[in-house]
Amino acid sequence: MIYAVVLAAGASSRYGTSPPKQQELLPDVLSALHESSAIDGILVVLGAHPVDTDEASVRCPDWAEGPGASLRCGLAALPDEVEAAVVVLADGPDIDPRAVDRIVDSWRADGSDVVAAAYDRQRLHPVLLARAAWPRVPAEGARGLEARLVDCDDLTPPGDVDVRR
């Protein structure tokens, strides 16, 4: 079983909070995840702001400690039968469901505890974390773990929206 863990806990300080970016950008991210053939469930990690979503969610009380704390909170909330989590950022609205499928397929075929999408040789997200990697998540989150990269050059990068468009 593979779950997507969507990190949506940040303060949205550069973007603004009325509404926070998570509320505006999350629907596009969730839509892309629903288009993926590799995801069995979705969990949204919330923190600084309440966000309306029909997806399962968990509020991380330690969100201000950074992405590692939010990610660890989300991983801890997943069902026991989940074998891997695909980490996605709520402020990456251009995520392509084919990138999700590609990293999951690569993980199933070739293994590795951490598998990440790469666009023009630059590591971005989504990032797959096999359950064996979960205890090693550092303060900076998944980006602090060495990953096997999967080429997604033919896809649009997911984006990282910090200011209003």
> Using a basic spin-label model with each label point 7 Å from the Cα along Cα→Cβ, how many nm lie between ARG59 and ALA139?
Replying inline: 2.6 nm
>> What does the charge count around ASP113 come to, taking other residues whose C-beta lies under 14 Å from its C-beta (Lys +1, Arg +1, Asp -1, Glu -1)?
In response: +1
> If you bin the C-alpha pair distances of the stretch 55-151 every 10 Å from 0, what whole percents do you get?
Replying inline: 16, 50, 31, 3
> Extent of the chain along each principal axis, from alpha carbon coordinates, in Å, largest to smallest?
Replying inline: 43, 33, 27
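As a test, work out the antiparallel percent of DSSP beta bridges whose residues both lie in the chain, rounded to the nearest 5. Write down the numbers at each step before the final one.
Details: 10 of 30 bridges.
About 35 percent, rounded to the nearest 5.
Carbon and sulfur atoms: what percent of the 1.4 Å accessible area of the stretch 20-154 do they account for?
On the way: 2790 of 6230 Å².
That fraction is 45 percent.
At 0.36 nm per residue, minus the direct Cα-Cα distance, what do ARG131 and ASP94 gain on full extension? Give it in nm, one decimal, please. Walk me through the numbers on the way to the answer.
On the way: separation 37, 0.36 × 37 = 13.32 nm, distance 2.64 nm.
Between ARG131 and ASP94, full extension yields an extra 10.7 nm.
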> What full-extension length gain, to one decimal in nm, is calculated for ASP151 and HIS34 as 0.36 nm per residue of separation minus the Cα-Cα distance?
Replying inline: 39.9 nm
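The values are calculated or read from the model by the stated rules, or taken from the named source; none is laboratory data. In this text, all values refer to a predicted model and were calculated from it rather than measured experimentally. Cβ atoms come from the backbone with ideal geometry, glycine included; neighbour counts cover every protein chain shown. Please note that ligands, DNA and RNA were not included when accessible areas were found on the heavy atoms of the full protein model with its side chains. Shrake-Rupley method; radii C 1.70, N 1.55, O 1.52, S 1.80 Å.
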